[in-house]
Amino acid sequence: MDCIFCSIIKGEIPCHKIYEDERVLAFLDISNDVMGHTLVVPKTHVSDMHECSNEEFLYVLEKAKTLVGHFIKLGFDGANIVINCKPAAGQEVGHLHVHVIPRKKGDGAKLTMQPASEKFELCEIAKKLEVKD
Ligand code: 5GP
Ligand code: ZN
């Protein structure tokens, strides 16, 4: 299977490592957008957060949280955690990854959603989406 993050984990493609343990690797995102933008990935291939077990997912998420603390200790003012699940949600690499994006006050990075052109009817949407079981 052709997976760029598996190739990075195997050392076939270089990366700038931030953290590693027996189950995860964290390395700088290649995008060069926000300084310190990091990806945390499980070493065992799984395509996305919907396909992995809760246990696998929570392990990766816990490491992402640890990195947030680490970045704040280093002097960052905050961080964004982003997880895209499936191509429709912007997932481009089909190997589960958590973006950890360290932030500085006034860094100008924008992760905000654009307002929709139509006005949502929140009562109807809540009725449709409510978890019933
Ligand atoms: P997604 O859109 O799937 O949530 O994010 C994938 C991320 O992987 C993107 O931010 C992209 O810049 C990053 N990326 C893609 N290929 C590589 C690579 O070869 N090396 C590194 N370090 N990051 C990559
Ligand atoms: Zn993979």
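The values are calculated or read from the model by the stated rules, or taken from the named source; none is laboratory data. What you see is a predicted model; the values in this text were computed from it and never measured. Every residue, glycine as well, gets a Cβ built from its backbone with ideal geometry; the counts of neighbours run over all protein chains shown. Side chains included, ligands, DNA and RNA excluded: accessible areas come from the protein's heavy atoms. Shrake-Rupley method; radii C 1.70, N 1.55, O 1.52, S 1.80 Å.
Filter the GluC sites (Glu not before Pro) in segment 26-115 down to the DSSP loop ones having no more than 14 other Cβ atoms within 10 Å, then list what survives. When the GluC sites (Glu not before Pro) of segment 26-115 are filtered for loop state and at most 14 Cβ neighbours within 10 Å, E51, E92 remain.
Cross-link partners for K104 among the lysines, with Cα-Cα distance under 30 Å and sequence neighbours closer than 8 places in the same chain left out: K17, K43, K63, K65, K73, K86. The chymotrypsin sites (Phe, Trp or Tyr not before Pro) found in segment 38-133 that occupy coil by DSSP, while having at most 15 further C-beta atoms within 10 Å, are F120.
Summed over the residues of the chain and divided among them, the accessible surface reaches 71 Å² per residue at a probe radius of 1.4 Å.
For segment 79-118, which whole-number percentage of the solvent-accessible area (1.4 Å probe, protein heavy atoms only) is attributable to carbon and sulfur atoms? Present the calculation step by step, with values, prior to reporting the outcome.
Values: 1460 of 2700 Å².
The C+S portion of the solvent-accessible surface of segment 79-118 is 54 percent.
How much length would be gained if the chain were fully extended between L122 and E51, taking 0.36 nm per residue of separation minus their Cα-Cα distance, in nm to one decimal? Each step should come with its number before you reach the end.
Working: separation 71, 0.36 × 71 = 25.56 nm, distance 2.93 nm.
Difference between extended and current length: 22.6 nm.
Quick one: net charge of C6's neighbours, Cβ under 13 Å, K/R +1, D/E -1? Don't jump to the answer; show the numbers that get you there.
Values: positive: K10, K43; negative: D2, E12.
Taking every other residue near C6 into account, the sum is 0.
Given the options I83, L122, V34, identify the residue whose Cα lies farthest towards the positive end of the charge dipole of segment 16-133 (+1 on Cβ of Lys, Arg; -1 on Cβ of Asp, Glu). Checked the options; the winner is V34. Placing a label point 7 Å from the Cα of K104 along the Cα-to-Cβ direction, the residues of segment 79-96 whose backbone N falls under 17 Å of that point are 79-80.
Normalised by the number of residues in segment 27-133, the average gap of Cα pairs under 8 Å and 6 or more apart makes the relative contact order 31 percent. The alpha carbon centroids of segment 97-120 and segment 31-72 are separated by 18 Å. The three principal axes of the C-alpha atoms in the chain carry coordinate ranges of 49, 39, 25 Å, sorted with the longest axis first.
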